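Q: What follows is a single structure, and I will ask about it in a moment.
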């Protein structure tokens, strides 16, 4: 009997502990259950919950730790006065933890005063912008967002338009040093505009690691508020006319040429103005790059900042300040690089607009950054540490994904007034007519995986979505720039409506636009979304028709549908294109991809979507996709170059005919 009682007590303790653990996880924003792509409910293991809680600073191994963590969260919620509050235009502004009299100064210069009641609220503000709430000498910023972002409808006024999507590194230009650059982008934009395009969607141009050009994945950058300096148009001694970018060799040669150019640069006033206007973010990024460059020069490797000498791991340390003084010229070189890159990207956007484009460049905003990169070093309290962003198993990636990157911490964002997020948005929109937010679901929740574990051992962490969406709308409004959201995968319940209400255009991809097994007719595609044949992570039209993606997966032992299913899908796609007149000939064989690319291009043009984006690979009927998710060196990701120079690549007869059909279809 005593044994049974002891077991009962232990069992009761364990049940209570599990209940407390789950309760703490929910309070911390971790979803203890989630639904997979088929709608099946899944439970997150207690082991995963504890690992994620520990990674966000809430250890929960014991009942005592759980109790202390709950107390901490409760006290934080009661005591913290956030440096920034967001609100909707004209709606009352909730002001937690505030008491007493206040004054609100609007951006327009007007102001009003009042007294907080028991439930502190400000009356609705009818002027979008960043305003100041003052009380007791403590300023709080008020970000008041319009009800919608700047939309495609604001741009097109009822017209249907189209554009091309391109990976910048893939572009070619004479003396480009083996890497596509911003000058080639300007050339490409002019060429696309001459065929009727109103937009060029580009791959991310976030800063990588200039001290280590072997790290070049555009979706695993060092800093999303700085630019990739290897896209600067600077002649080098290195030339590569092959089919792949040799990032290490080309990167080293580009940096050598840029150092030589800096030694002869004379307009230092321009750099000083750029430095002053760019502020905190640029200074820290330049310091990071300089430290890494010096350490690399001394040790022969570009180490992760978490392995730097301890005194250099904190940006505010006296040792970092001393380093900046001692290496002031290297810091200035890094700022010069950002100045050059910014100027050339701005010139590319100007070239697109002057050529007649309505939108011009659509930038791409990656979902996170490398944990050992500049942004993580610069913004340590605002970044999730020891957690990686990814995706749970789904229909496309059945083993799930871990992207090896990290992202913003919800608590860190709130406590810092969302400064890093705002800085990142402004940088993305600075030289573009719009931005595509990769994995836009990350504004609502992120699938986070404890470092060293599999994707299946992750869980969703809720983000401050209402605040983030308001800031996106506000920055879009202030920049007159459209917002696209990559909404492929498992969406949180109600999130699609949130995107629609905010004027954020989702993506509709040919391969997924189906009713059962049948491909959806173009007239039924969403008007508000952006229509695309494919994306950088999916097979091209020619590659899909050939089954190139299936061949790659089989070669690498990756899960996925077989050729038998693809055979059925080919018939369905061709029938759908015949039905609307996009295809008129008998169904071609597997290797005859030209007619399929022609038909897919016309099919895309017929969609109801206001904006249609055609990947350059499908304009050229190329079989290989830029990236194969789940691979690193097994597949040449982010290295394939286009076959012709930017000025003439669209002038090949079959390409010109294809784009003419697309342009005509968009005009109907």
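Q: What about residue 507, is it on the phi < 0 side of the Ramachandran plot, out of contact with any helix residue (DSSP H, G or I) (no Cβ under 6 Å at 6 or more places or on another chain), in a strand (DSSP E or B) and touching a residue at least 24 places away in the same chain (Cβ under 8 Å)? Break it down stepwise before answering.
A: Values: on the phi < 0 side of the Ramachandran plot: yes; out of contact with any helix residue (DSSP H, G or I) (no Cβ under 6 Å at 6 or more places or on another chain): yes; in a strand (DSSP E or B): yes; touching a residue at least 24 places away in the same chain (Cβ under 8 Å): yes.
It is true that residue 507 is on the phi < 0 side of the Ramachandran plot, out of contact with any helix residue (DSSP H, G or I) (no Cβ under 6 Å at 6 or more places or on another chain), in a strand (DSSP E or B) and touching a residue at least 24 places away in the same chain (Cβ under 8 Å).
Q: On to the next question. Go through the stretch 588-608 and give me each residue that's crowded, with 16+ Cβ neighbours inside 10 Å and either more than 35 Å from the chain's Cα centre (by Cα) or assigned to a helix (DSSP H, G or I) (or both).
A: Taking the stretch 588-608 and keeping what is crowded, with 16+ Cβ neighbours inside 10 Å, we get 588, 593, 595-608.
Across the stretch 588-608, the qualifying residues are 588, 595, 596, 597, 598, 599, 600, 601, 602, 603, 604, 605.
Q: Now a separate question. For the stretch 572-587, what are the residues that are within 15 Å of residue 541 (Cα to Cα), out of contact with any strand residue (DSSP E or B) (no Cβ under 7 Å at 6 or more places or on another chain) and not in a loop (DSSP other than H, G, I, E, B)? Lay out the reasoning, then the answer.
A: Pass one, the stretch 572-587, residues within 15 Å of residue 541 (Cα to Cα): 572-574, 576-577, 582-583, 587.
Of the ones still in play, those that are also out of contact with any strand residue (DSSP E or B) (no Cβ under 7 Å at 6 or more places or on another chain) are 574, 577, 582-583, 587.
Listed by number, the residues that qualify are 574, 577.
Q: A further question follows. Out of the residues in the stretch 149-158 meeting the condition of being in a loop (DSSP other than H, G, I, E, B) and modelled with pLDDT of 95 or more, tell me which one is surrounded by the most Cβ atoms within 10 Å (Cβ to Cβ). Please lay out each step first, then the result.
A: Start the filter on the stretch 149-158 by keeping residues that are in a loop (DSSP other than H, G, I, E, B), which leaves 149-151, 157-158.
From what's left, modelled with pLDDT of 95 or more: 149-151.
On the way: 149: 24, 150: 22, 151: 17.
Among residues in the stretch 149-158 that are in a loop (DSSP other than H, G, I, E, B) and modelled with pLDDT of 95 or more, the one surrounded by the most Cβ atoms within 10 Å (Cβ to Cβ) is 149.
Q: Would you confirm, using the coordinates I've provided, whether residue 456 is touching a strand residue (DSSP E or B) at 6+ places or on another chain (Cβ under 6 Å) and either farther than 30 Å from residue 30 by Cβ or in a helix (DSSP H, G or I) (or both)?
A: On the way: touching a strand residue (DSSP E or B) at 6+ places or on another chain (Cβ under 6 Å): no; either farther than 30 Å from residue 30 by Cβ or in a helix (DSSP H, G or I) (or both): yes.
No, not satisfied.
Q: Also: Which number in (1) within 30 Å of residue 147 (Cβ to Cβ); (2) surrounded by fewer than 18 Cβ atoms within 10 Å (Cβ to Cβ); (3) at pLDDT below 95; (4) touching a strand residue (DSSP E or B) at 6+ places or on another chain (Cβ under 9 Å) marks the one condition that residue 107 misses?
A: Every condition holds for residue 107 apart from (3).
Q: Pull up the stretch 326-356, narrow it to residues that are over 18 Å from residue 191 (Cβ atoms) and free of Cβ contacts under 8 Å to residues at least 40 places away in the same chain, then point me to the one that is farthest from the chain's Cα centre (by Cα). Even if it seems obvious, please write down each step before you answer.
A: Looking only at the stretch 326-356, we keep the residues that are over 18 Å from residue 191 (Cβ atoms), and these are 326-343, 346.
When the remaining residues are screened for being free of Cβ contacts under 8 Å to residues at least 40 places away in the same chain, the result is 326-329, 343.
On the way: 326: 35, 327: 33, 328: 32, 329: 32, 343: 22 Å.
Per the criteria, the residue is 326.
Q: Related question: Would it be correct to say that residue 641 is surrounded by 15 or more Cβ atoms within 10 Å (Cβ to Cβ), under 19 Å from residue 577 (Cα atoms), touching a residue at least 24 places away in the same chain (Cβ under 8 Å) and touching a helix residue (DSSP H, G or I) at 6+ places or on another chain (Cβ under 6 Å)?
A: For residue 641, the condition - surrounded by 15 or more Cβ atoms within 10 Å (Cβ to Cβ), under 19 Å from residue 577 (Cα atoms), touching a residue at least 24 places away in the same chain (Cβ under 8 Å) and touching a helix residue (DSSP H, G or I) at 6+ places or on another chain (Cβ under 6 Å) - is not met.
Q: While we're looking at this one, here's another question. Can you report the number of residues in the stretch 236-269 which are over 21 Å from residue 293 (Cα atoms) and either out of contact with any helix residue (DSSP H, G or I) (no Cβ under 7 Å at 6 or more places or on another chain) or at pLDDT 95 or above (or both)?
A: 10
Q: Let me ask something additional. Can you find a residue in the stretch 618-632 that is at pLDDT below 95 and more than 26 Å from residue 208 (Cα to Cα)?
A: Within the stretch 618-632, not a single residue is at pLDDT below 95 and more than 26 Å from residue 208 (Cα to Cα).
Q: Moving on to the next point. When the stretch 123-139 is examined, which residues are found to be part of a strand (DSSP E or B) and either at pLDDT 95 or above or closer than 15 Å to residue 475 by Cα (or both)?
A: Taking the stretch 123-139 and keeping what is part of a strand (DSSP E or B), we get 129-135, 138-139.
Of everything in the stretch 123-139, those that are part of a strand (DSSP E or B) and either at pLDDT 95 or above or closer than 15 Å to residue 475 by Cα (or both) turn out to be 129, 130, 131, 132, 133.
Q: Can you name every residue in the stretch 404-431 that is touching a helix residue (DSSP H, G or I) at 6+ places or on another chain (Cβ under 9 Å), under 16 Å from residue 52 (Cα atoms) and surrounded by 22 or more Cβ atoms within 10 Å (Cβ to Cβ)?
A: 406, 407, 408, 409
Q: Separate question: All but one of (1) surrounded by fewer than 22 Cβ atoms within 10 Å (Cβ to Cβ); (2) farther than 25 Å from residue 284 by Cβ hold for residue 245; which doesn't?
A: (1)
Q: Taking the stretch 652-668 as the region of interest, how many residues are under 16 Å from residue 617 (Cα atoms) and touching a strand residue (DSSP E or B) at 6+ places or on another chain (Cβ under 9 Å)?
A: Of all residues in the stretch 652-668, those under 16 Å from residue 617 (Cα atoms) come to 652-659, 662.
The next check asks that each one be touching a strand residue (DSSP E or B) at 6+ places or on another chain (Cβ under 9 Å); those that pass are 658-659, 662.
Within the stretch 652-668, residues that are under 16 Å from residue 617 (Cα atoms) and touching a strand residue (DSSP E or B) at 6+ places or on another chain (Cβ under 9 Å) number 3.
Q: Related question: Checking the structure you have, find out if any residue of the stretch 344-364 is at pLDDT 95 or above, closer than 21 Å to residue 463 by Cα, buried (at least 24 other Cβ atoms within 10 Å of the Cβ) and touching a strand residue (DSSP E or B) at 6+ places or on another chain (Cβ under 7 Å).
A: So the first thing to find is which residues in the stretch 344-364 are at pLDDT 95 or above, and the list is 344-364.
Then keep just the ones that are closer than 21 Å to residue 463 by Cα; that gives 364.
Now drop any that are not buried (at least 24 other Cβ atoms within 10 Å of the Cβ), which leaves 364.
Restricting the remaining residues to those that are touching a strand residue (DSSP E or B) at 6+ places or on another chain (Cβ under 7 Å) gives 364.
Yes, the conditions are met somewhere in the stretch 344-364.
Q: Only one of these conditions is not met by residue 568: (1) surrounded by fewer than 17 Cβ atoms within 10 Å (Cβ to Cβ); (2) out of contact with any helix residue (DSSP H, G or I) (no Cβ under 8 Å at 6 or more places or on another chain); (3) free of Cβ contacts under 8 Å to residues at least 24 places away in the same chain; (4) more than 29 Å from residue 174 (Cα to Cα). Which number is it?
A: It fails just one condition, (3).
Q: A follow-up question, please. Restricted to the stretch 469-490, and to residues that are out of contact with any helix residue (DSSP H, G or I) (no Cβ under 6 Å at 6 or more places or on another chain) and not in a helix (DSSP H, G or I), which residue is surrounded by the most Cβ atoms within 10 Å (Cβ to Cβ)?
A: 484
Let's see how each residue does on (1) under 28 Å from residue 77 (Cβ atoms); (2) part of a helix (DSSP H, G or I); (3) over 16 Å from the mean Cα position of the chain (by Cα):
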residue	(1), (2), (3)
414	yes, yes, yes
420	yes, yes, no
423	yes, yes, no
426	no, yes, no
432	no, no, no
436	no, no, no
442	yes, yes, no
446	yes, no, no
449	yes, no, yes
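Q: Condition test on residue 550, is it surrounded by 18 or more Cβ atoms within 10 Å (Cβ to Cβ) and free of Cβ contacts under 8 Å to residues at least 40 places away in the same chain?
A: Values: surrounded by 18 or more Cβ atoms within 10 Å (Cβ to Cβ): yes; free of Cβ contacts under 8 Å to residues at least 40 places away in the same chain: yes.
The answer is yes for residue 550.
Q: Shifting gears a bit: Kindly indicate which of 158, 136 is within 30 Å of residue 668 (Cα to Cα) and free of Cβ contacts under 8 Å to residues at least 60 places away in the same chain.
A: Result of the check over 158, 136: 158.
Q: Further question: Just to be sure I understand, how many residues within the stretch 594-613 are within 20 Å of residue 528 (Cα to Cα) and either out of contact with any helix residue (DSSP H, G or I) (no Cβ under 6 Å at 6 or more places or on another chain) or at pLDDT below 95 (or both)?
A: Initial filter on the stretch 594-613 (within 20 Å of residue 528 (Cα to Cα)): 601-613.
Narrowing further to those that are either out of contact with any helix residue (DSSP H, G or I) (no Cβ under 6 Å at 6 or more places or on another chain) or at pLDDT below 95 (or both): 604, 609, 613.
Residues that pass the stated criteria total 3.
Q: Go through (1) surrounded by 14 or more Cβ atoms within 10 Å (Cβ to Cβ); (2) at pLDDT below 95 for residue 94 and report which single condition fails.
A: Unmet for residue 94, out of (1) surrounded by 14 or more Cβ atoms within 10 Å (Cβ to Cβ); (2) at pLDDT below 95: (1).
Q: Within the stretch 174-223, work out how many residues are on the phi < 0 side of the Ramachandran plot, in a loop (DSSP other than H, G, I, E, B) and in contact (Cβ under 8 Å) with a residue 60 or more places away in the chain. Explain how you work it out, then say what you get.
A: Within the stretch 174-223, the subset on the phi < 0 side of the Ramachandran plot is 174, 176, 179-195, 197-223.
Remaining after also requiring in a loop (DSSP other than H, G, I, E, B): 174, 176, 179-181, 195, 197-198, 203-205, 208-222.
Narrowing the set further to residues that are in contact (Cβ under 8 Å) with a residue 60 or more places away in the chain leaves 174, 179-181, 195, 197-198, 203-205, 209-212, 215-222.
Result for the stretch 174-223: 22.
Q: Let me ask something else about it. I need a count of the residues in the stretch 263-279 that are in contact (Cβ under 8 Å) with a residue 40 or more places away in the chain, over 15 Å from residue 328 (Cβ atoms) and part of a helix (DSSP H, G or I).
A: Number of matching residues: 3.
The values are calculated or read from the model by the stated rules, or taken from the named source; none is laboratory data. Note that this is a predicted model, so its numbers are computed, not measured. Heads up, the Cβs are rebuilt from the backbone with ideal geometry, glycines too, and the neighbour counts pull from every protein chain shown.
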